[in-house]
Structures are given as C-alpha cells and as structure tokens.
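Colleague: I have a structure here, written as structure tokens, and I will follow up with some questions on it.
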Amino acid sequence: MTDLVTFGETMLRLSPPDGERLETTDDLEFRAAGAESNVAVAAARLGADAAWTSKLPDSPLGRRVVSGLRRHGVETDVVWTDEGRQGTYYLEHGGKPRGSSVIYDREGAAVTTAETDELPVARVREAEAFHTSGITPALSETLEATTADLLAAARKAGTKTSFDVNYRSKLWSPEEARETLESLFPDVDLLLVAERDARDVLAREGDPEDIAAGLADEFDFETVVVTRGEEGALALHDGETYEQPAIETDTLDPIGTGDAFLGAFLSRRLAGEDVPTALEYGSATAALKRTIPGDVAVVTREEVESVLAEEGGEISR
Ligand code: KDG
C-alpha cells in the first residue's frame with residue numbers, strides 16, 4: 001500500500017544562472033517542478049512511500065519530468081498521451097531591489113485534460129493519504145471536476161485527504177479561487193493555508209488561531225495548518241493549537257518552501273508521529289529547502305534531525 005499519492009501538474013522550470021536576465025541569457029537550467037510532486041519528493045526523502053500521478057506528453061520532455069521525480073524515490077503513475085504539451089515555467093532569480101519573476105507557459109498542458117477514469121483511482125483509494133492543491137483545479141474545468149472526484153473517492157475509501165490552498169494569482173482571481181476551493185473543502189481532512197491566502201483568498205480575519213478555528217468549524221477539517229513565513233506555523237488539530245517557530249535560514253531559493261514543509265509534515269504523520277513532531281520536521285525541512293536551488297527539498301532525514309538538534313533550545317519539544 002502506498003502511504004501517500006499526490007496529484008497535479010509538474011512543469012519543467014527553466015531558469016538562467018543567478019542574476020542573468022531571461023532576455024539575454026544563453027543558458028537555461030531545467031528542473032522538474034510542481035507543487036504536488038514537490039510534496040511527494042519531500043515525503044519520499046523523509047521515508048514515506050510516496051507516489052505522484054498525472055498526465056504527461058509521451059515525449060522526451062514528459063519523460064524528463066518522470067526522471068526528475070524518480071531520482072528522489074517518488075514512484076510515478078503517469079497517463080501518457082500524444083495530445084497536449086509539457087507545461088513549463090521560466091524563473092528569473094532577482095535580488096533586492098529586483099524581485100524574482102515567474103512566467104508560466106503551461107496553457108494546453110497534457111494534464112489539463114486528465115479525467116478521473118483514466119487516473120489510478122484505485123490506488124488513491126488504497127493509499128493512506130491523498131494530496132493535491134489549489135493549483136490543480138485552477139488549470140482547467142476538467143481538472144476542477146477531476147480534483148473533486150479524487151478527493152471524494154479518497155474520502156469515501158477512508159484515505160486521509162490533504163489540500164494546500166496554494167493560491168496562484170496568475171491562474172485565477174481570489175473570488176474564483178474561493179468559490180471553487182470552498183466547494184472542495186468538505187472532502188478535505190488536512191488543510192494547509194498560508195496566512196496571506198487565508199486573508200486574501202478565503203477572506204478570513206483575526207489572528208492565525210482565529211483563522212484556523214474558523215476554518216475548522218466551518219468545514220470540519222481534522223487539521224488546519226496556517227503557515228506564516230518568518231513567523232513560523234500554527235496547527236489546530238482535534239481542538240488543540242500548536243505553534244512552531246520558523247528556523248532562520250540563508251535563503252538561496254525560496255520556491256517550494258511550503259511544499260517541503262507539508263511533505264515533511266505528512267511523512268511524520270504517516271509514520272504515526274504527533275502533530276508537534278510533524279510541525280518540527282516541516283519547519284526544519286522548509287528551512288533546509290531555502291538553501292537549495294530548485295523547487296524540491298533535496299534533504300535527508302539525518303540533515304533534518306541535525307537541524308532540529310541544533311535548534312533544540314528554540315523548538316518546543
Ligand atoms: O509550490 C512551488 C510551485 O510554485 C512550483 O513548484 C511550481 O507548481 C508550481 C506552480 O504552479 O506554481
């Protein structure tokens with residue numbers, strides 16, 4: 001039985017060397033990158049049996065995505081197609097005062113036509129946990145329906161469902177996102193939301209504890225995790241609130257921090273550990289991720305534990 005199955009689009013990320021402009025660069029480095037597969041990578045690297053499912057073009061580019069995930073121990077369960085393309089995104093790294101910029105080139109990606117019946121639904125039903133994010137239903141009407149079907153199928157089979165709001169303003173408006181996401185929430189057990197998205201997209205008010213409590217009450221989530229950047233994270237689980245400070249880090253590449261956090265959190269929960277322990281692993285993995293170029297946390301469990309041991313004083317054990 002697979003511990004965790006994740007579902008979503010994985011793109012190829014193309015980026016010029018640090019500081020160079022897309023307009024003039026002669027070199028582009030490329031890596032596999034997608035919120036849900038980033039979660040699977042972090043979970044797999046920390047010991048979970050993790051699989052990622054999606055639809056990809058049967059081409060060298062689609063196969064590059066698969067090889068980019070398998071190297072981290074993620075099992076891939078892919079629907080191959082001759083229609084549709086491989087989505088990409090361009091990332092130009094910038095320092096102050098020039099921010100980093102992202103250009104999506106994902107229109108017409110093969111995954112946008114993925115229907116429930118062609119995906120490994122039985123595998124989702126048999127897994128311990130299923131994870132997807134708000135990016136997936138934003139990509140097409142078909143994917144909105146497929147996301148709803150998979151969450152419902154998982155829920156019905158007793159597979160725990162995990163969902164990261166992951167709002168992307170380049171894909172939809174806050175109003176559109178809120179309407180769709182709230183229609184999916186009744187089939188979600190664990191909700192992860194950045195405090196900013198809770199306020200700007202889900203229209204929540206109050207302090208993070210109020211936000212978590214309000215969401216848990218309204219949608220009956222078993223666990224709500226609110227991530228707060230440099231302020232750390234907070235989890236509400238079975239009526240108890242747990243706070244986790246952030247770990248200071250030298251940031252080389254912040255993309256994928258939330259996914260690293262959640263993958264690590266899930267790996268510990270799937271191993272039967274409690275929410276405070278899962279939060280600690282999430283926080284240490286997120287901090288390590290920020291020191292690593294690319295969207296995924298190329299970390300080992302030993303590294304995560306040594307960060308936790310060093311932070312012993314600050315982390316509530
Ligand atoms: O969560 C990090 C993601 O932004 C990245 O990996 C790419 O999935 C991605 C997206 O849609 O932005």
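The values are calculated or read from the model by the stated rules, or taken from the named source; none is laboratory data. All of these numbers come straight from a predicted model, not from anything done at the bench. Here the Cβ positions follow ideal geometry from the backbone for every residue, glycine too, while neighbour counts run over all protein chains shown. Protein only, heavy atoms only, side chains kept; ligands, DNA and RNA dropped before computing areas. Shrake-Rupley method; radii C 1.70, N 1.55, O 1.52, S 1.80 Å.
Colleague: Would you check which residues across segment 1-34 are open to solvent by 10 Å² or more (accessible area, probe 1.4 Å), within 11 Å of the ligand (Cβ to nearest atom) and farther than 17 Å from V78 by Cβ and list them?
Modeller: Residue satisfying the conditions is R31 alone.
Colleague: Outside any helix (DSSP H, G or I) and either touching a His at 6+ places or on another chain (Cβ under 9 Å) or touching a residue at least 24 places away in the same chain (Cβ under 8 Å) (or both): does that describe S37?
Modeller: Criteria not met by S37.
Colleague: Here are some residues: D250, D220. Which one is at positive phi and surrounded by fewer than 24 Cβ atoms within 10 Å (Cβ to Cβ)?
Modeller: Result: D220 is the single residue among D250, D220 that is at positive phi and surrounded by fewer than 24 Cβ atoms within 10 Å (Cβ to Cβ).
Colleague: Could you tell me which numbered condition L143 fails, if it satisfies all but one of (1) within 16 Å of the ligand (Cβ to nearest atom); (2) open to solvent by 40 Å² or more (accessible area, probe 1.4 Å); (3) not in a loop (DSSP other than H, G, I, E, B)?
Modeller: Of the numbered conditions (1) within 16 Å of the ligand (Cβ to nearest atom); (2) open to solvent by 40 Å² or more (accessible area, probe 1.4 Å); (3) not in a loop (DSSP other than H, G, I, E, B), the odd one out for L143 is (2).
Colleague: Scan segment 114-125 residue by residue and report those that are surrounded by fewer than 23 Cβ atoms within 10 Å (Cβ to Cβ) and either in a loop (DSSP other than H, G, I, E, B) or in contact with a strand residue (DSSP E or B) (Cβ under 9 Å, 6 or more places away or on another chain) (or both).
Modeller: Residues satisfying the conditions are E115, E118, L119, P120, R123.
Colleague: Could you list, in sequence order, the residues of segment 89-112 that are touching a Lys or Arg at 6+ places or on another chain (Cβ under 7 Å) and not hydrophobic (A, V, I, L, M, F, W, C)?
Modeller: Listed by number, the residues that qualify are Y89, E92, Y104, G108.
Colleague: Further question on the same structure: Any chance you could count how many residues in segment 126-140 are assigned to a strand (DSSP E or B) and within 12 Å of the ligand (Cβ to nearest atom)?
Modeller: Within segment 126-140, residues that are assigned to a strand (DSSP E or B) and within 12 Å of the ligand (Cβ to nearest atom) number 2.
Colleague: Listed residues A110, A148; which is more than 25 Å from L202 (Cα to Cα) and in contact with a Pro (Cβ under 8 Å, 6 or more places away or on another chain)?
Modeller: From the options A110, A148, the qualifying one is A110.
Colleague: Need a quick list: strands (runs of 3 or more DSSP E) entirely within segment 55-113 having at least 1 residues that are in contact (Cβ under 8 Å) with a residue 12 or more places away in the chain, out of contact with any Leu (no Cβ under 8 Å at 6 or more places or on another chain) and away from the ligand (no atom under 15 Å from the Cβ).
Modeller: 75-81
Colleague: Return yes when T88 is at pLDDT 95 or above, open to solvent by 10 Å² or more (accessible area, probe 1.4 Å) and within 18 Å of the chain's Cα centre (by Cα) and no when it is not.
Modeller: Answer is yes for this residue.
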